[in-house]
Every structure is written in C-alpha cells, then in structure tokens.
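Worksheet: the structure to be examined is printed underneath.
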Amino acid sequence: MATNATWTVVIDDKKVINPAVTNADGHPIAYAINDDSFWNDPKFSNIWAIQYGTSDSNDEVEYKGTTSHTAYDSSVLGNFNDFITRWDSAHLTQLQSDWDNDNVVGETAEQKINRLGAKPTSYSSPSV
C-alpha cells in the first residue's frame, strides 16, 4: 500500500479518508459514503483501494488479485474531486450534528453562537 497519500478510498468499505483532517485522537477522519449508484459503477469492480496523491503515483490505484498497481487515471475512474465532494458533504453533516448537540443547560441561542460560532453551513476541502 502506498504511503503518505493525501486521500485514501477503500472501495469495498465505501469509505473516503482525508488524512489532513483528524479527530480529537489525531486519527484521520473517514466517512462511509452511502451511495450505491456511485460505488456500483463497474469501473470500481476490480479496485481494492486508492491512495491518491502519493509520493509514488504508480502505486495510487491498488487492484484486487494480481493486477499491477497503477497511477490514478481520471479518464477511466473519473475526476478524483467526486470523492472529495462526497467526503465534504459527510463532513459538513457531522460538523452540523456536533454543533447541534453541543448544548449547555440554560444557554441561550445567542450564548451558544458566542461560544461556538455560527452553525457551519459549508465545508470545502482543497481540490486536487
């Protein structure tokens, strides 16, 4: 498996991982993307994982079986930003849920905004 990827996708688990964004424990945040029409595309059928943006681009796409690993080919697999957009959407949903659930007894809406800032309305990872 390639190392130091800027993004990781695990096809069978339907997960997209952004190593640049970590949780409180310092682990990269992964989201399961529940979009069967996306994941069931035949172009992903023989792929185990994608380690996008590695120091060895020839090791980005990891195939099942004995197929040699290759560089990510957007003409075959589509624009990688499709993965990023899905991760960003899931991350925004999580940020909003965290905000909604971070309550202090007796706190007014104004006090909550002063403490946490406004509720997140968008999130965008850097495009690749």
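Remarks
- Here the Kirkwood formula, the inverse mean of 1/r across different C-alpha pairs, assigns the stretch 62-128 a hydrodynamic radius of 15.3 Å.
- In the chain, lysine pairs with alpha-carbon atoms under 30 angstrom apart (chain gap of 8 or more, or interchain): 7
- Between 0 and 90 degrees, the angle of helix 81-101 with respect to the longest Cα principal axis of the chain falls at about 20 degrees.
- The Cα center of the stretch 1-43 and the Cα center of the stretch 65-79 differ in position by 16 Å.
- Potential lengthening between Ala109 and Ser57 on full extension [0.36 nm per residue; Cα-Cα distance subtracted]: 13.9 nm
- Angstrom value of the Kirkwood radius, inverse mean 1/r, which spans all Cα pairs in the chain: 16.3
The numbers here are math on the coordinates, done by the rules we state, and not lab data. Not measured: the values here are computed from a predicted model.
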